[in-house]
Amino acid sequence: MTTIKKLRLKGFKSFSKLTEIPFGNSFNIILGPNGAGKTNLSDGICFVLGKSSAKSLRAEKSSSLIFHGGKKGSPAKEASVDIVFDNSKNVFPIKDKEVKLTRTVRTSGNSIYRINDQTVTRQQVLDLMSAARIDPDGHNIVLQGDITRFADMKPIE
């Protein structure tokens with residue numbers, strides 16, 4: 001199993017400026033008041049892992065993920081999210097000790113994917129994640145509303 005070392009967001013949803021979140025090796029918790037961007041962090045993780053549905057990221061379309069400027073700021077030209085994984089146990093089929101995935105979306109809605117700063121296709125990102133047993137549509141991340149849906153399920157479900 002691998003762990004996330006850090007998450008970096010810039011121009012993504014409510015994160016207008018470069019924001020870097022370091023993660024520890026054990027249990028990590030993100031706390032904050034309503035509207036602080038906690039769910040946007042999990043959306044950022046899903047985004048960089050290649051989730052293709054903008055609606056599952058709580059956006060109408062991909063370009064809606066770009067910071068729109070708020071009340072006083074100016075809109076970003078693109079949104080970018082990096083996630084850095086620890087690869088010291090060679091979970092990924094890459095020789096580097098860290099694996100950095102980057103996804104950038106432009107105002108046109110087009111996405112650019114990178115693995116360790118090398119431009120790749122979305123499928124190459126998905127293949128790399130699959131090798132580490134990470135599925136952007138799987139159960140690695142429990143999204144907002146999922147717990148309520150699980151609690152409301154009938155036993156047969």
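The values are calculated or read from the model by the stated rules, or taken from the named source; none is laboratory data. Since this is a predicted model, take the numbers as computed values, not measurements. In this analysis, Cβ positions are derived from the backbone assuming ideal geometry, glycine residues included, and neighbour counts consider all displayed protein chains. Side chains included, ligands, DNA and RNA excluded: accessible areas come from the protein's heavy atoms. Shrake-Rupley method; radii C 1.70, N 1.55, O 1.52, S 1.80 Å.
A few comments on the model shown:
- Taking each DSSP H run with n ≥ 4 as -39500 (n - 2.57) and averaging over every residue of the chain yields -5000 deg cm²/dmol at 222 nm.
- Entries of Lys10/Lys38; Lys6/Lys72; Lys5/Lys38; Lys6/Lys89; Lys72/Lys100 with Cα pairs more than 25 Å apart: Lys6/Lys72; Lys72/Lys100
- Stretch gain in nm, segment Ser14-Phe150, where the contour uses 0.36 nm per residue and the Cα spacing is subtracted: 46.2 nm
- Modelled spin-label separation between Lys38 and Lys95, with each label point placed 7 Å from Cα along the Cα-to-Cβ direction: 4.3 nm.
- Summing charges over neighbours of Met1, with a neighbour being any other residue whose Cβ is under 11 Å away from its Cβ, gives +1 when K and R count +1 and D and E count -1.
- Chain lengthening between Arg133 and Ser108 when straightened (0.36 nm per residue, less Cα-Cα): 5.9 nm
- Ordered by solvent-accessible area of protein heavy atoms (1.4 Å probe), largest first, the residues Arg133, Arg103, Arg149 come out as Arg133, Arg149, Arg103.
- Summarised in one figure, the compactness ratio Rg/Rh of the chain, Cα atoms and Kirkwood Rh, is 0.97.
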